[in-house]
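Here's the structure we're looking at; comments come further down.
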């Protein structure tokens, strides 16, 4: 694979594309229909990396991304970008709110606008799509249907839709973090001033009461700041979980290496999913 190519959640006009353009030129980017499709293309060696959403300030973690990373640990998170998100309501025309039958978008986008949609379009059916840009494309292909989409300003421009309501998200400070997933970070140019964090996944033994408490204590007494702690089911047995953690520390630091050793000494499994610079837009 001589030429570097990167996947993003498409089609064109998605927030993932906006994030991907922060790191790469448009000529390097290839849209895929779903998050797993993006990541599988990297896993199969077809592409250099993928840019996918991992967390939103309103709706929390993108579980599809977390679960895939936990199951495919040969790939790493190599960079993160956090950017503001404004959800635009768009349609082929300015429909009367009572006439709107369907509103299309990604589940996260719908959730970010839930209160506005309930108050403004209470009778409309909410239809989930793989991405916000897919929703915009679908609505543009049915201009005579009283349908709307939620998505980016870029998608409205690309697909010839009118923006009916700007910034329709329920909370003004709406941000999403996107990660670049790849096998190496040799594509990355950094200033050295970006903050660095590490992502870990911890597997607790089933017969160890208080294991999570002791895992967290390993970070606490070293005064390492956890910026995220998310439980995900192991999918093997009801009531068993993996724990996804972000910590503000480079993986090679003595402190974090000590945490990992202590967790392993407790009989827990721990894997590093990446240690990477964090950018803000």
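Overview of results
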| quantity | calculated |
| --- | --- |
| Per-region count, the range 1-12, residues surrounded by fewer than 23 Cβ atoms within 10 Å (Cβ to Cβ) and farther than 19 Å from residue 77 by Cβ | 5 |
| Number of positions in the range 259-274 that are over 17 Å from the mean Cα position of the chain (by Cα) and either part of a loop (DSSP other than H, G, I, E, B) or in contact (Cβ under 8 Å) with a residue 40 or more places away in the chain (or both) | 11 |
| Of the criteria (1) touching a residue at least 60 places away in the same chain (Cβ under 8 Å); (2) surrounded by 23 or more Cβ atoms within 10 Å (Cβ to Cβ); (3) over 18 Å from residue 281 (Cα atoms), which one residue 15 fails | (3) |
| Residue in the range 86-94 that is at negative phi, in a helix (DSSP H, G or I) and at pLDDT below 95 present | no |
| Subset tally (residues that are assigned to a strand (DSSP E or B) and in contact with a strand residue (DSSP E or B) (Cβ under 7 Å, 6 or more places away or on another chain)) for the range 59-72 | 1 |
| Unmet requirement for residue 75, which otherwise passes all of (1) touching a strand residue (DSSP E or B) at 6+ places or on another chain (Cβ under 8 Å); (2) surrounded by fewer than 20 Cβ atoms within 10 Å (Cβ to Cβ); (3) over 20 Å from residue 278 (Cβ atoms) | (3) |
| Selection within the range 18-29 - under 21 Å from residue 186 (Cα atoms) and either surrounded by 23 or more Cβ atoms within 10 Å (Cβ to Cβ) or in contact (Cβ under 8 Å) with a residue 12 or more places away in the chain (or both) | 19, 20, 22, 23, 24, 28, 29 |
| Flag if residue 178 is within 24 Å of residue 80 (Cβ to Cβ), touching a strand residue (DSSP E or B) at 6+ places or on another chain (Cβ under 8 Å), in the same structural domain as residue 23 (by TED's automatic domain parsing) and modelled with pLDDT of 95 or more | yes |
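The values are calculated or read from the model by the stated rules, or taken from the named source; none is laboratory data. For clarity, every value in this text was computed on a predicted model and none was experimentally measured. In this analysis, Cβ positions are derived from the backbone assuming ideal geometry, glycine residues included, and neighbour counts consider all displayed protein chains.
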